[in-house]
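What follows is calculated from the coordinates using simple rules that are stated; it is not laboratory data. Small disclaimer: the values here were computed from a predicted structure and weren't measured. Cβ placement follows ideal geometry from the backbone for every residue including glycine, while neighbour counts extend to all protein chains displayed.
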Amino acid sequence: MKVVVIIPAAGLGTRMTSAPEAKGKKPAPSKQFTELAGTPILIHTLRKFAASPEVTEICLALRANEIEPFRARLEKEAFKKKVQLVEGGEHRQQSVAHAIAAITAAPDDIVLVHDAVRPFVTEEIIREVIQAAQKYGAAIAGVPAVDTIKEVQRTAEGALITATVPREKVVMAQTPQGFRYDVLKKAFDEATADGFLGTDEASLVERSGHEVAVVMGSARNIKITTPADLELAEFYLRN
Ligand code: C5P
């Protein structure tokens, strides 16, 4: 059994720069290329999977103009694993779909999908998601919600609460999300046929009727999305 890791890294990361600041300026680098301690976030993330003994190969989805410069950057890392580069799509889901189309895997091989901007994933989380994906066919890392979760209706000024969701019924989904190849492929084929667009891979697998297990992620496994996340990431790296 092999384990292929797909890393969608073709987003623009517009939340990293506030709109007024961005006006009139050159577009900021995509958030996955923002540097953390002098190294692009994406490289930090790749190093984690390259170092994981469970992982066989990696497939990275990048924006077309970023493929060649990144290939040169990758050579410096001299990873001992195959790292395939494919062109991403308009949405995260399409970027992952392009990677699924580019990899070769047997039905019971495991495919992990991981956000480029979650560099604090640990070897333990990777291993537990792989093991649960083998056992259940699909599994994600998640953490319990610590805040009270409200369902809202958006309004012009903000939002109005419509319900309070019992906290014990909620987990915050992280990545890696791991799947048997046949389970993931079927879910993507069905979503494409139905025009469904999800914000993670598990949502596609859920709607295809397959159960998805949750294993414990980590509060440190943050998705670096805003400048405040970047400050926190620098703090984690120093400590
Ligand atoms: O923008 P969002 O937070 O959903 O991005 C999550 C991940 O998906 C990031 O790693 C981003 O680079 C990736 N992505 C992608 N292709 C897109 C949009 C986002 O690979 N078209």
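Which three lengths, in whole Å and largest first, does the range 41-110 cover when its Cα atoms are put on their principal axes?
32, 28, 17
Semi-axes of the equivalent ellipsoid of the chain: what are they in whole Å, largest first, if each equals the square root of 5 times a C-alpha gyration tensor eigenvalue?
Numbers: eigenvalues 132, 123, 69 Å².
Its equivalent ellipsoid spans semi-axes of 26, 25, 19 Å.
Per residue of the chain, what 222 nm ellipticity follows from adding -39500 (n - 2.57) for every DSSP H run with n ≥ 4, rounded to the nearest 500?
Numbers: 8 runs with 87 residues, N = 239.
That comes out to -11000 deg cm²/dmol.
Calculated FRET efficiency, R238 and R127, Cβ-Cβ r, R0 30 Å, to nearest 0.05? Working shown, then result.
On the way: r = 26 Å, r/R0 = 0.87.
The value I calculate is 0.70.
Just check the range 98-146 against the gyration tensor rule for me: Cα atoms, a ≥ b ≥ c as the square roots of the eigenvalues, rounded for a/c under 1.5, and otherwise prolate or oblate depending on whether a/b exceeds b/c. Present the calculation step by step, with values, prior to reporting the outcome.
On the way: a/c = 2.18, a/b = 1.41, b/c = 1.55.
It comes out oblate by the Cα gyration axes.
State whether the range 154-198 is rounded, prolate or oblate according to the following rule on the C-alpha gyration tensor (a ≥ b ≥ c being the square roots of its eigenvalues): a/c under 1.5 gives rounded; otherwise a/b larger than b/c gives prolate, and the remaining case gives oblate.
Details: a/c = 3.33, a/b = 1.73, b/c = 1.93.
Oblate is the answer for the range 154-198, as a/c is 1.5 or above yet b/c matches or exceeds a/b.
Counting other Cβ atoms within 10 Å, keep those with at most 12, restrict to DSSP loop, and tell me which trypsin sites (Lys or Arg not before Pro) in the range 156-239 are left.
Values: sites: R167, K169, R180, K185, K186, R207, R220, K223, R238; in loops: R220, K223.
Qualifying residues, ordered by number: none.
Report the one residue of V86, A97, F70 whose Cα lies farthest in the direction of the positive end of the charge dipole of the range 66-109 (charges on C-beta: Lys and Arg +1, Asp and Glu -1; origin at the Cα centre).
With unit charges placed on the Cβ atoms, the residue in question is F70.
Taking GluC sites (Glu not before Pro) as candidate sites, keep only those in a DSSP loop with at most 11 other Cβ atoms within 10 Å, then name the longest stretch of the chain containing none of them.
Values: sites that count: E90, E157, E211.
It works out to 1-89.
Hey, with R₀ at 25 Å, roughly what FRET efficiency would D147 and R47 work out to, going by the Cβ-Cβ distance, to 0.05?
On the way: r = 31 Å, r/R0 = 1.25.
It comes to 0.20.
How large is the charge dipole for the chain, taken about the Cα centre, if only the Cβ atoms of Lys, Arg (+1) and Asp, Glu (-1) carry charge, to the nearest 20 debye?
Computed charge dipole of the chain: roughly 520 debye.
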